[in-house]
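The values are calculated or read from the model by the stated rules, or taken from the named source; none is laboratory data. What you see is a predicted model; the values in this text were computed from it and never measured. Don't worry about glycine lacking a Cβ; one is built from the backbone with ideal geometry, like all the others, and counts go over all protein chains shown.
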Amino acid sequence: MATRIQSPVLRRSSLPLTEQNEDDLSKVRESSSYQRALEVLSGRKIVDADVSTSALLHAIFEAGMAAVQKEAEITGYAEIASTQSASEVRHHRAQSRRRRPTWAQEA
């Protein structure tokens with residue numbers, strides 16, 4: 001992520017920050033463990049100690065969005081699982097057992 005956002009910027013929005021938000025942003029800017037965590041969660045490399053505030057906030061947004069998407073998937077899969085009846089589950093398992101494995105043709 002260097003000091004700039006790599007993708008084309010569609011819009012610049014203002015972001016109101018509280019005192020706690022400012023403290024948290026300082027922690028990310030000053031702590032290598034926070035930066036490594038942000039790199040993992042956002043998928044962006046933070047390679048510059050002088051990273052811009054907007055690029056840092058963008059990485060934090062991406063990390064938060066990834067967490068929201070992951071939670072939405074978990075919830076969605078749970079909803080799908082709850083709608084399946086026990087007989088449907090047994091039927092799908094029985095079908096799976098009857099299918100020939102992909103490697104069965106190799107011999």
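Tabulated values for the structure
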quantity: Residues within the stretch 21-56 that are charged (D, E, K, R) and in contact (Cβ under 8 Å) with a residue 40 or more places away in the chain, tallied; calculated: 4
quantity: Selection count where residues are of a type in the set (Ser, Thr, Tyr) and over 18 Å from the mean Cα position of the chain (by Cα), scope the stretch 25-77; calculated: 7
quantity: Cβ-Cβ under 7 Å pairs, at least 6 apart or on other chains, the stretch 57-69 side over 16 Å from THR18 (Cβ atoms), far side of a type in the set (Asp, Glu) and at pLDDT 90 or above; calculated: none
